[in-house]
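The values are calculated or read from the model by the stated rules, or taken from the named source; none is laboratory data. None of these values were measured; they are calculated from a predicted model. All Cβ positions, glycine included, derive from the backbone under ideal geometry; neighbour counts span all protein chains shown. Areas reflect the complete protein model, heavy atoms only, side chains present, ligands, DNA and RNA absent. Shrake-Rupley method; radii C 1.70, N 1.55, O 1.52, S 1.80 Å.
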There are 2 protein chains.
Amino acid sequence: MQLDGTVNLILLYDNDFVSRNSVRLMGRRLKHILEVHQPAVGDTLTVGRLGGLIGKGRITAATSIAVEMEVALGKAPPAPLAINLVLALPRPKVIKRVLLSIASLGVKRLDLINGFRVEKSYWQSPALSPAGIRDALVLGLEQARDTILPEVVQHPLFKPFVEDKLPGLIRGTLALIAHPGAGDSCPHAAAQPVTLVIGPEGGFIPYELEKLVAGGCHPVQIGARILRVETAIPFILGRLCP
Amino acid sequence: MQLDGTVNLILLYDNDFVSRNSVRLMGRRLKHILEVHQPAVGDTLTVGRLGGLIGKGRITAATSIAVEMEVALGKAPPAPLAINLVLALPRPKVIKRVLLSIASLGVKRLDLINGFRVEKSYWQSPALSPAGIRDALVLGLEQARDTILPEVVQHPLFKPFVEDKLPGLIRGTLALIAHPGAGDSCPHAAAQPVTLVIGPEGGFIPYELEKLVAGGCHPVQIGARILRVETAIPFILGRLCP
C-alpha cells in the first residue's frame, strides 16, 4: 500500500551534510523535489534536521543525480503531545497508516501490545521491522513539519507488559483506557500528561481489562459508535490534548 | 483502493424485507456473513434498517445463494454529531476514506466545496458519483452501528456557495474555519451546534478566507502541525464534540 502523506518538510540526516551548512540529497527526497517542486537554483524549501531544528534550504544545484542546498536551521520543531499511546497491535494494513498518523499528531511514545483479539500473525508483519516502522514515522514527521522521531516499543506478551512495564509507563500520568461502555466519559483537555490505552478491534477481553484496571488505568468511553482505530486515535487525542 | 471498515452492523434495505420481520440477503452482505460469521441457523447478528432502528437478526436459513433472518428492531441508532462539515474537496484517493470516516463519526451533513487549491479534475472522480458516495457512507454506518445516511452536497463553485448557501447553512451554529495561524484556538466541547469548515491541502487562499470570514465564519487553529485531512477531521471533531 502506498501511503499518501504530503511532504511539508524535507527531513535531513547527519550523512546528508557535506559541510556544516550544506546538504546533498539523492534517492526518495531527490525524486520528490524534482517531481513536486521543479526546483530552480535559488528556490527555498522547508527543511529540518532529524532530531533537531527546522528552517530553510536554498537550492544551490539540482540535477537528476542530486540536489544540493544551503540550509539555515533556527526554529524548534512543534511541541510534542503530552500523550503516550499504548495500542493493541492493529492489522498490518492499518499499522503503517497509524504510525504515520501518530507521528504527525506529535505522539512521541507508542507501545504496541498484544491481546486475545490480536492475531498472532500480525506480529510477523514487515510493517513492524525497524525500517518499516521508521519509514512510516518519517512520512508522519514530513507531513507535520516535525523532526523528532517517536519511540515505538513492541510487547508481544500481554501479561509481562502489564505487570512489569505498565507501572513505570503510567507513573505521573493520567492513565486511561478507551473502552466502549465504560461508566465515565473521556475527559476534555487533560491538565496533566496522559497515557492512553486503546484495545484491538472487538476490544479487550474482560481478563485484559481487569489487569489494566488493576495496573492503574481508568476506563473511559467516547459514545456508542465503534470507530476504526485510525479514526479513533485522532478523535480521542483531539479531545484529550489541551 | 479497498476500504477496510469492519461490519459491526448489517444494514438492511426496504427491499430486503420479504415479510414484516424477515429479510433475505444476497450479494455483498451474504458474502460477508458467509466469510466472517460462518453462520448457523439460530445465530444472531446485529442489524439495522436504513434510516430506522437497530436490533438483532436471527438466521433462519443460510446457503451460498442467500441468507435469511428474522429481525427484531427496537433500538435507536446512536445520536448524530451536532457538527456539520464543510470540506474543500480532497484528492480522489482520500475522499472515500473521508466519507467512511465522517459517516462513522456521526456527521450527518457534509458540503464539499471548491477552492483555488482544489484541482479541477477532482470533481470528475468516480468516488463522487451517487453510488460511490453512498457505498463509502454505508461502510461508515456499518462500522459505527448507525443507520442514518449523511447528506452529502457538492458545490463545484466557491463564490456562489459562500454567498448563497453558507448563510443558511451556518444559521444557529457556531461557524468555525480550521485555519493554521489563526489567532484563536479551536474550542473544546462546543455547547451549541457547530459548522466546521476545513480547507484544501495547502489551505484556503487569502481571498477565500476573507470571503468565509465575511460570511460569518471564525478562523481557529489547532497548533503548528499540518495534518492529513483524514487525521485532521477526527482530531478536530473529537475536540469540538461535547
*Only residues in the range B:64-85 that are in contact (Cβ under 8 Å) with a residue 60 or more places away in the chain count as the first member; pair them with residues that are surrounded by 14 or more Cβ atoms within 10 Å (Cβ to Cβ) and part of a strand (DSSP E or B), Cβ under 6 angstrom, at least 6 apart or cross-chain, and list the lot.*
B:PRO77/B:ILE54; B:ILE83/B:VAL194; B:ILE83/B:LEU196; B:ASN84/B:ARG109; B:ASN84/B:THR195; B:LEU85/B:LEU110; B:LEU85/B:LEU196
_Looking only at the range B:203-226, filter to residues that are open to solvent by 50 Å² or more (accessible area, probe 1.4 Å) and more than 23 Å from the chain's Cα centre (by Cα); which one of those is modelled with the lowest pLDDT?_
B:ALA224
*Residue check, A:GLY238 against (1) within 20 Å of A:PRO78 (Cα to Cα); (2) in contact (Cβ under 8 Å) with a residue 24 or more places away in the chain, all met but one. Which one?*
(2)
_Looking at the range A:84-96 only, could you name the residues that are within 11 Å of chain B (Cβ to nearest Cβ) and open to solvent by less than 10 Å² (accessible area, probe 1.4 Å)?_
A:VAL94
*Look through the range B:31-62, keep the residues that are open to solvent by 70 Å² or more (accessible area, probe 1.4 Å) and more than 29 Å from the chain's Cα centre (by Cα), and return whichever of them is nearest to B:ASP14 (Cα to Cα).*
B:VAL41
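Please pick out the residue among A:LEU99, A:LEU139, A:LEU81, A:LEU149 that is assigned to a loop (DSSP other than H, G, I, E, B), on the phi < 0 side of the Ramachandran plot and within 14 Å of chain B (Cβ to nearest Cβ).
Exactly one residue qualifies, and that residue is A:LEU81.
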*In the range B:102-132, what count of residues is obtained for those that are open to solvent by less than 40 Å² (accessible area, probe 1.4 Å), more than 14 Å from chain A (Cβ to nearest Cβ) and within 9 Å of the chain's Cα centre (by Cα)?*
1
*Counting just the residues of the range A:233-242 that are open to solvent by less than 10 Å² (accessible area, probe 1.4 Å) and more than 7 Å from every other protein chain (Cβ to nearest Cβ), which one comes out nearest to the chain's Cα centre (by Cα)?*
A:ILE233
*Among the residues of the range B:5-21, is there at least one that is within 14 Å of chain A (Cβ to nearest Cβ), closer than 19 Å to B:ILE65 by Cβ, part of a strand (DSSP E or B) and open to solvent by less than 60 Å² (accessible area, probe 1.4 Å)?*
yes
*Only one of these conditions is not met by A:ALA191: (1) more than 14 Å from chain B (Cβ to nearest Cβ); (2) farther than 29 Å from B:ILE148 by Cβ; (3) open to solvent by 70 Å² or more (accessible area, probe 1.4 Å); (4) not acidic (Asp, Glu). Which number is it?*
(1)
*Could you list, in sequence order, the residues of the range B:15-30 that are within 29 Å of the chain's Cα centre (by Cα) and small (Gly, Ala, Ser)?*
B:SER22, B:GLY27
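Collect the residues in the range B:157-190 that are of a type in the set (A, V, I, L, M, F, W, C) and modelled with pLDDT under 95, keeping them in residue-number order. Full working, then the answer.
First pass over the range B:157-190, keeping only residues of a type in the set (A, V, I, L, M, F, W, C): B:157-158, B:161-162, B:166, B:169-170, B:174-178, B:182, B:186, B:189-190.
The one that is of a type in the set (A, V, I, L, M, F, W, C) and modelled with pLDDT under 95: B:ALA182.
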